[in-house]
Structures are given as C-alpha cells and as structure tokens.
Amino acid sequence: MIKSAVIFIVLLASTKVSWGHEKFTIQINEGNAINAVLKSEPFIKINDGYYFFGRESLNWYEAYEKCRVLDSELVTFETDAEFDFVASYLMANDSRENYWTSGNDLGKTGTHKWFTSGQIISTLRWAVNQPDNAGQREHCIHMGYIYQNSKKFELNDRPCAQDNNSLFKYICEAPKLETLSIVVWK
Ligand SMILES: [Ca+2]
Ligand SMILES: [Ca+2]
C-alpha cells in the first residue's frame, strides 16, 4: 500500500524546479515517527506493537482467519522482548489462557517458523521439554501456562486442529507502521 503511494508520488515529483532540483523529497521512517494520533481499535498498543486478543476458543486455522478478517495475522514474536511485553500485559490482566501464535512446523516437521515472516523461531521462551510433537501431531505453537506448576507464559506445540483440547484464544498483530514524509519546495 505504502509502496504504491510512493511510486505515485515519485511520478508526481518528476516535475523539476528551475535550477534542476527535484521539487519533492520523500522520506520513509519506521513507526509513528511524528507521533500522529492513531485510531487503532480493536488493536491495543503494547510497547511498539498493536495487538488484538481474540476471546473465542478456536483451532489454529480458524484463529488465523479471524486475524485476516482484521487485515492482521497471528502474532509473531520477532524477539523474546516482544514476547515478554505481551506476556506482561496478559499477566497484568490476570489472564492464564492459551493463545495461538503464528508459529508452526507445518512446512517441515521439526523446523519451527513464524508463518508471517518465514523466519526460523529462535527463542528462549519454550516451556521445558518443548516443542515435543507429542503423538506426532503437534505442529502449531501457542503461548500459555504449559504445565500445572508453570509460573509464567511459555511456548508449546499443540495439534493445529481436530483436537478438542487445542481450541485456544488467539493474538492478532497489526501490520507495522511506517511514516511517509514529503518535503516540497513551495
Ligand atoms: Ca511481532
Ligand atoms: Ca507439545
């Protein structure tokens, strides 16, 4: 979306002012660089990200579809810091539920990747002895209090679907923000 806007503006900017400078200069910055007031509902801002916490208990595919309806995707934790920010938010809200993430090894069993980016999951937030692909049918990754004595949120693999004990809530993550600035010789 932003890319096509840039191409359009670059075409517009092809007009040159008389001494040969481009009339427009365009700059793209990550995030909300000008602190614009944003309407993010139903997404909640946590640190640098925007998240929606789905309350229905669904299989992984249904959860993904719910996020797509919101033009978002199941959450991807690019860093353990992001995981910790979201886990802290849930703990502050007294939630001990299970939540689907975008992580899975559906492409190749044993190679766990974030589905939104195709990146290998490199994290220290797995629960002890996980992922274990129990029964050779656990291919989708959720966060939760994995064991009865768990004291914090961690990651675990569970069956993506066709398992009544793997109907979980879910976290959608909104696309990242970019700020497009146009400077013009008036
Ligand atoms: Ca993320
Ligand atoms: Ca497991």
| field | Residue under evaluation Lys23, criteria (1) in contact with a strand residue (DSSP E or B) (Cβ under 9 Å, 6 or more places away or on another chain); (2) loosely packed, with under 12 Cβ neighbours inside 10 Å, criterion not met | value | (2)
| message | The conditions are (1) more than 16 Å from ligand 2 (Cβ to nearest atom); (2) surrounded by 13 or more Cβ atoms within 10 Å (Cβ to Cβ), and Ser122 fails exactly one of them. Which is it? | response | (2)
| field | Subset of region 124-144 (residues that are within 16 Å of ligand 1 (Cβ to nearest atom) and assigned to a strand (DSSP E or B)) | value | Ile141, His142, Met143
| query | Across region 65-123, what is the total count of residues that are out of contact with any Lys or Arg (no Cβ under 6 Å at 6 or more places or on another chain), in a helix (DSSP H, G or I) and either of a type outside the set (Gly, Ala, Ser) or not assigned by TED's automatic domain parsing to the domain that holds Tyr147 (or both)? | reply | 12
| remark: Residues in region 125-160 that are of a type in the set (Gly, Ala, Ser) and crowded, with 17+ Cβ neighbours inside 10 Å total 2
| For Ser95, are the conditions met, namely being away from ligand 1 (no atom under 16 Å from the Cβ) and surrounded by fewer than 18 Cβ atoms within 10 Å (Cβ to Cβ)? | yes
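Could we say that Gly49 is of a type outside the set (Ser, Thr, Tyr), within 13 Å of ligand 1 (Cβ to nearest atom) and under 13 Å from Glu173 (Cα atoms) here?
Taking the combined requirement at face value, the residue satisfies it.
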| Test result for Gln130, within 18 Å of Tyr61 (Cβ to Cβ) and at pLDDT 95 or above | no
| said: Where the second residue is near ligand 1 (Cβ under 8 Å from one of its atoms) and in a helix (DSSP H, G or I) and the first is at positive phi and lies in region 69-81, which pairs have Cβ atoms under 6 Å and are six or more apart or on separate chains? | reply: none
| query | How do the pairs read when you match residues in region 127-152 that are more than 22 Å from Gly54 (Cα to Cα) with residues anywhere that are of a type outside the set (D, E, K, R) and within 16 Å of ligand 1 (Cβ to nearest atom), using Cβ under 8 Å and keeping only pairs 6 or more apart or on different chains? | reply | Ala127/Leu155; Gln130/Leu155; Pro131/His112; Pro131/Ile141; Pro131/Leu155
| query | Of all residues in region 105-119, which are surrounded by 16 or more Cβ atoms within 10 Å (Cβ to Cβ) and either of a type outside the set (Asp, Glu) or within 13 Å of ligand 1 (Cβ to nearest atom) (or both)? | reply | His112, Lys113, Trp114, Phe115, Thr116
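The values are calculated or read from the model by the stated rules, or taken from the named source; none is laboratory data. Small disclaimer: the values here were computed from a predicted structure and weren't measured. In this analysis, Cβ positions are derived from the backbone assuming ideal geometry, glycine residues included, and neighbour counts consider all displayed protein chains.
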